[in-house]
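K.L.:
Shown below is the structure under consideration.
What follows draws every value from the coordinates through simple rules; no lab data is involved. What you see is a predicted model, and the numbers here were worked out from it, not measured in a lab. Every residue, glycine among them, receives a Cβ derived from its backbone with ideal geometry; neighbour counts consider all protein chains shown.
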Amino acid sequence: MGVRAPVVDHGPRTGDRVALTFDADMTDGMLANLRSGRVRSYANLRILDLLEREQVPATFFLTGKWVQRYPEVTRRIAGNPRFELANHTYGHAAFTAHCYDLPRLPVGELADDVAKTFEVIAPYGGRQTRYFRFPGLCHDAAALDALAPLGVTVVDGDVISGDPFAKAWKPLVRAVLDHVRPGSVVIMHVTEANAAMTDEALPHILAGLRERGLTPAPLSEVLAAG
Ligand SMILES: [Zn+2]
């Protein structure tokens with residue numbers, strides 16, 4: 001009764017920290033696109049290049065299937081002391097009904113899916129967390145109840161960049177900078193072909209954060225501190 005995975009949108013609104021989070025979606029359909037050559041990459045290395053060059057902290061919500069497809073990139077993320085690793089399900093299925101057009105997992109399989117994903121991510125080491133983000137941010141009471149035994153904190157976010165399938169970078173920059181505040185959790189994607197403008201928007205987002213006196217920090221620090 002009343003045991004339910006906690007959900008957070010953002011950290012304390014004091015201080016100057018914000019969390020940049022990048023989701024790494026991967027579905028069977030996406031894997032098929034890679035196999036057929038229809039899509040070249042769902043791993044945007046230009047984002048990693050930039051974050052590393054500028055020494056910017058970030059938190060990556062990884063699906064198990066993305067990790068298995070991109071072990072080298074995962075190793076690179078885990079090897080960066082400024083990056084945190086978090087869980088975005090195994091194969092990016094919906095955990096509720098009517099979550100965009102994602103196929104739905106039965107409630108009885110939700111906890112196993114998330115546990116399996118932690119098992120896939122854990123061997124990479126680095127800054128492991130118990131943060132979890134639902135595909136499409138879709139969750140309900142049954143899903144939160146199902147995940148309670150795993151000790152996860154569900155992280156939605158309060159600034160949605162809208163980068164999936166974006167056709168231009170400027171709207172992403174505006175979406176982030178118009179809404180970002182101290183304690184914000186910014187949602188972006190590192191999925192390249194499905195979020196092709198994110199790396200072009202990112203330098204402008206970082207510059208805009210600096211102008212506003214906001215400093216990117218790992219999610220755990222943004223949620224804990226002020
Ligand atoms: Zn996602």
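K.L.:
Cβ-Cβ under 8 Å, sequence separation 6+ or interchain: first residue in segment 128-139 and within 17 Å of GLY11 (Cβ to Cβ), partner among the hydrophobic types (A, V, I, L, M, F, W, C) and assigned to a loop (DSSP other than H, G, I, E, B). Which pairs?
P.N.:
ARG130/VAL152; TYR131/VAL152; PHE132/ALA5; PHE132/VAL152
K.L.:
Report yes if some residue within segment 174-184 is of a type in the set (A, V, I, L, M, F, W, C) and touching a residue at least 40 places away in the same chain (Cβ under 8 Å); otherwise report no.
P.N.:
We begin by selecting, within segment 174-184, every residue of a type in the set (A, V, I, L, M, F, W, C); these are 175-177, 180.
If we keep only those that are touching a residue at least 40 places away in the same chain (Cβ under 8 Å) as well, we get 180.
Among the residues of segment 174-184, at least one is of a type in the set (A, V, I, L, M, F, W, C) and touching a residue at least 40 places away in the same chain (Cβ under 8 Å), which makes the answer yes.
K.L.:
Does segment 105-123 hold any residues that are among the charged types (D, E, K, R) and either under 25 Å from GLY11 (Cα atoms) or within 15 Å of the ligand (Cβ to nearest atom) (or both), and which are they?
P.N.:
In the first step, residues of segment 105-123 are kept if they are among the charged types (D, E, K, R); the result is 109, 112-113, 116, 119.
Correct list: ASP113 only.
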